[in-house]
1. I'd like the distance separating the alpha-carbon centroids of region B:563-625 and region B:118-165, in whole Å.
2. On C-alpha positions alone, give me the angle between the axis of helix B:340-369 and the longest principal axis of chain B, in degrees, nearest 10.
3. Rounded to the nearest whole Å³, what is the per residue volume of the convex hull around the Cα atoms of region A:133-213?
4. Just to be sure I understand: of the beta bridges DSSP finds with both ends in region B:310-399, what percent are antiparallel, rounded to 5?
5. How would you rank B:189, A:221, B:716, going from fewest to most other Cβ atoms within 10 Å of each one's own Cβ?
6. Kindly provide the Kirkwood hydrodynamic radius of region B:643-883 in Å, to one decimal, from all pairs of distinct alpha carbon atoms.
7. Using Cα-Cα distances under 8 Å and only pairs 6 or more residues apart, what relative contact order does region A:126-372 have, in percent?
8. Defining a contact as two alpha carbons under 8 Å apart and six or more residues distant in sequence, what relative contact order in percent does chain B show?
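Here, each number is a calculation from the coordinates, and none is a lab measurement. Everything numeric here is computed off the predicted structure, so don't read it as measured data. Using ideal geometry, Cβ is built from the backbone for each residue, glycine included, and neighbour counts are taken over all protein chains shown.
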């Protein structure tokens, strides 16, 4: 990799005798690019001619000083990628800020109505009440019921995807023969590829009817949404868990088998404990997928904005954070949009956090296993 | 094979006694019970079924089981797939026996499905108890541990707690003290029963108790088919229809695990068998879920999706040609010895060829007899919120018209395939002076034509009011076409007039004419062809157009050339000559396919049909697929199709790919090859991974709030492209980085050792080696975003039943002020496949579920095609990397 070919920027630019020309080319490309971006941000109407100028300069540079220009272009691609990521993050937070300043913790902790804090809202979940948590007309905004709905759906999904995913990962990593693995692994990948709207359509058309006849429900429910989302999160758990199990060094398992242990004993006492953090990272990542799942939930559960009553009633239905955004954005007023941004930021922070935590766990595990090799 | 394997094999194949056979049957019965539980849960057979409906259902299962076991048994007997394991044999036999028993019982006794399933659980409980007791009395040879272990103890404790709570709640009411006590007692006693006795009792008795209790509840009708429990506190409730199958799933899973443990004689080996059985069942369940989803959507949607599909027999034949070629190629692969099971393999090799050949023969018969093939059925449309059945048919008509694109695609495919197998004819034969000068003149002529194309493209067919297109362009096209025709015929004439002693010798001597004729002819004719539409002309010779006539004639000449060389090859002996002649045949085939493609391209470019020998190549092709090729028809008798949605999805995917792939691959190259591996790359990696798992709706929110106000203020196709591009970017970056990292450092070192600069190394060593991985990653990512819905419903602005497709290509126009190029089509709302499905859901009762299913089916097929291509490409490249 790069360590083997030591280069620094200065070297690359000045290593050849046509250094002046290449500096000029690189400089021209960079200047036109910066100009293009500036023009796009401040005078979008002129962006296209500027872009054409940039393309022209780059083409000339490509013909004359290919290496330098290529290096610059890859650098530009990196910078643009990083900027995109940073800008999306920044923009989300900036858009959510007004609503957060206006409603304060009311959105997330204590709901408000008509400017008054409803301190005893948790009583309302026990006592019947008809006060509302979400009514844009009267300015009542609270995301707490949606957060709770997200939690319920995620818990059910985790209960489905966790154990099944673990067994699935064990099957692929340890039990299946090579030929079977060649079939099952792509199968799991294809399961991940089925679009969420297809799951949602099945849930909407078929499963809701099923639960009405078999569980005496009046329609949509957390249970169905959770199970469907669980099935959707399953491939993530299986493939990440399988990676973790496969990264356990062969020598550890061999040692166990050499001691006369059966395969299952090896799995149970060597592979799973060694890969435990990796497997938990898989479950975390799967839960992140479940939290962020939108269309299946939006299709299955007609939106509601109240707490389930009682809280653990899995046959009730309510919008989750994601489906709230999907169903409310079209008809939202400006202040509602701001609140929806708060929901978006919450999702972003939670899921990104889960992703980072699981990556950290995985890296630590890899390091540890490498150390033991 | 090592000795250890042989030992295991012998152990597994050891003769089984009646204890073993009984347990094999118990495992088989559990598997059958599990399957039946799934079947009743999804109401394929209702739990209340009895009498003939039950017998029919079980009879079907019997047929499936007997078929599967029978075929496997036959294969094993014939030594094709030898099954030596006594366990597998025992379970196979057990499957047959238990399904036969169930079917006989259902036919003889007046029982319902539920009772039968309860009885299955009771039998299981008895069998497991018997096995445990037999082992405890040391009547059989087992190796149990001292205890079943804490893990299973805790598991049984939890099950006992739940069952005690349910029973206590039903008897004494929830929340009361007896309820708590009952639950605790049941839990603790099962826990103790599991851990205290020796393993053979500890893992059988609690199982038998639980399974038996579940079975009794069902058999006695305590929880029967009509049972309902609707607690006030919940908005839902429970019915027998749901609870009985769930009981069965739990009970059979437990009993399968326990019986498997008994079968392998407890101890470490028993635990392994038990655990593996459960893991395998789980994998089976996962695959079953996946297959069910795909099959279910297909069954629901395919009827509506392919309604009215009709294709001309000739078009079908043209379309079948590549498949025919692939089947021939497959059949040509060498097949082993004369042993009869090698013969079986050979049969499988020839089978595809036979199938495709039969299909082709059917189409030919349609052409010859003139009577169409039809399959008629009815589909449902939604009229005024009511389903209404309409008749439709799939048809193969005796139509000899071929659409230009349907001719172009297979022809190009074939030409490329033949060209790839073509090696080289350089330095073969004798090169005359005249051929040399022609060889130099051809590129010049083609270049002149290309310059003319550019000229007319920019200035229009009549620049400055001068009719240059009709004069200069006309002359150029005629000259180009005639020259191309002449070139294409040259090799044929050359070979026939050459004075070599044999045909093979003439063909070998005139080899330079082959490459010149085929490639020169193709290039010149292509340039002349493309000059026609830009110059606005279409030269004619008598009743027909010039260019397609030349192309057709050239194709026939090339085909004749291929035939000639094949004939010559049959009569020649020398290996080198035969090789050369094969190359020439391939070149002839390239020419034939290429010139045929040009016929199609001519019709597509000019829109004027071309008829020869009763076969017409026309823009009004004979292929019709209303669902894909029509827009929605409001208030029509037929509902039309979803073409706008398909076009929208195609443009979304194209736009997102154009945005994300250059950025992602560029960034991956920089991060892996140039940047120092350290904190910065690690942060970027973590950030891209985080972005990759960010909920898609958040991207939609960003697009709606940031992009839309800056792109004209309306929901638009461009915003959709960009948002999907943002989503695709991290995936492209991650997969490209991984595949660039996977290129061995030796490659880079070797290149550097040759004095190659870093960029040249990247360009000609690293990127080619990493390309398969990058392409695969892009294909899989595109498959994923093609089905993405959530962001699109915020930014795309699609409506249900769009009647017009976006026209991006014709939307480009030049404007006087900046930004000089505008495209209104990109800035308007569009339909797309996933949002179409969502619109059906959002429309509620007025949405047409049949159309929703059909759209979901097409969407699923599109996405799965991307995945299948991606996964196949990855497997192919991986194999290539590993074996070469």
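1. The distance from the Cα centre of region B:563-625 to that of region B:118-165 comes to 72 Å.
2. Tilt of helix B:340-369: around 60 degrees.
3. Roughly 155 Å³ of hull volume per residue.
4. Counting DSSP beta bridges with both partners in region B:310-399, the antiparallel share is about 80 percent.
5. B:189, B:716, A:221
6. Averaging 1/r across every pair of different Cα atoms and inverting gives 19.7 Å.
7. 29
8. 10
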